[in-house]
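Inspection log for the structure reproduced underneath, given as structure tokens.
The values are calculated or read from the model by the stated rules, or taken from the named source; none is laboratory data. Keep in mind the model is a prediction, meaning the values are calculated, not measured. Virtual Cβ from ideal backbone geometry, glycine too; neighbours counted across all protein chains shown. Please note that ligands, DNA and RNA were not included when accessible areas were found on the heavy atoms of the full protein model with its side chains. Shrake-Rupley method; radii C 1.70, N 1.55, O 1.52, S 1.80 Å.
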Amino acid sequence: MKDNTILILGGESRLANGFQRLFPKEITRLSKKECTILDIQSLEKAFKKYTNKYILNCAAITDIEYCEKNPKDCFELNSVGPYLLNQACQKFGRKLIHLSSDYAETKRNIYGLSKYVSEQIVNHNTLIIRTNFYDEQTYIVKKLSENNTIDSYTNVFFNPISINRLVTEIITN
């Protein structure tokens, strides 16, 4: 039984990989095969096995095009899942850290709306981190590092944070 600082659900995500790379001793990662946030029994089994005080939700569908074509899947994982996870955290006395998205602010698409809904239905004691992050696999970063030119919008502004910085801020604060 591990009692690291943070239990990460959605342990195969890019963000979870960032935690593994930078702070492997402070985290325990569970893949969706090991624990799915869509099944309360799966969550309870994991919470009985792992005694981490903090639970970080990295489980989400973030592919915006997929979300638009599959709204049921999107809302199930991005909204219902956090609700069930929140219920399990309350039952076991764990602190939920829920990752949301800056898309939740405008709610202009299915993904943004699903993240907005997730913020509304988790417990008020949940830490919600509304963010946008990048790493070396992000399309723009990858293309620019290969010295390729890219077409971009001229009227859109955003301020993403690097995965390394986000991970460090979560662990150290």
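For Arg165, Arg14, give me the order by solvent-accessible area with a 1.4 Å probe, most accessible first, ignoring ligands, DNA and RNA.
Arg165, Arg14
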Roughly how many Å² of Glu26 are accessible to a 1.4 Å probe, to the nearest 10? 60 Å²
Using only Cα atoms, find the angle between the long axis of helix 163-172 and the longest principal axis of the chain, and express it within 0 to 90 degrees, rounded to the nearest 10. 30 degrees
Expected 222 nm ellipticity per residue - DSSP helices of 4 or more, -39500 (n - 2.57), all of the chain, to 500: -12000 deg cm²/dmol
If ligands, DNA and RNA are left out, what is the accessible area of Leu38 with a 1.4 Å probe, given in Å² to the nearest 10? 70 Å²
Report Arg29's accessible area, 1.4 Å probe, all protein chains in place, as a number in Å² to the nearest 10. 80 Å²
Which of the three applies to the stretch 1-48, rounded, prolate or oblate, going by the alpha-carbon gyration tensor with a ≥ b ≥ c and a/c under 1.5 meaning rounded? oblate
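With charges only on Cβ, +1 for K and R and -1 for D and E, what is the dipole size of the chain about its Cα centre, in debye, rounded to 20? Walk me through the intermediate numbers first.
Numbers: 23 positive and 19 negative charges, 133 e Å.
For the chain, the charge dipole is close to 640 debye.
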Chymotrypsin sites (Phe, Trp or Tyr not before Pro) in the stretch 116-173 lying in a DSSP loop, each with at most 10 other Cβ atoms within 10 Å of its Cβ, come to Tyr153, Phe157, Phe158
Accessible surface of the stretch 1-50 [probe 1.4 Å, protein heavy atoms]: carbon and sulfur percent: 47 percent
Please list Glu34, Glu119 from largest to smallest accessible area, probe radius 1.4 Å, with all protein chains kept in place. Glu34, Glu119
For helix 110-121, what angle does its Cα long axis make with the longest principal axis of the chain, in degrees from 0 to 90 and rounded to 10? 30 degrees
Indicate the gyration tensor shape class of the stretch 94-173 (rounded, prolate or oblate), computed on the Cα atoms with a ≥ b ≥ c the square roots of the eigenvalues: a/c under 1.5 is rounded; otherwise a/b larger than b/c is prolate and the rest oblate. oblate
Looking at this model, which pairs from Lys48/Lys95; Lys25/Lys53; Lys72/Lys115; Lys91/Lys115; Lys25/Lys45; Lys25/Lys142 are more than 19 angstrom apart at the alpha-carbon? Lys91/Lys115; Lys25/Lys45; Lys25/Lys142
Using the Cα centre of the stretch 90-136 as the reference point, and only Cβ charges (+1 on K/R, -1 on D/E), how large is the resulting charge dipole? Debye, rounded to the nearest 20. 320 debye
Could you give the accessible area per residue of the stretch 8-112, probe 1.4 Å, as a whole number in Å²? 52 Å²
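Given the Cα-Cα distance of Glu68 and Lys25 and 0.36 nm per residue of separation, how much length would full extension add, in nm?
Length difference between fully extended and current span is 11.7 nm.
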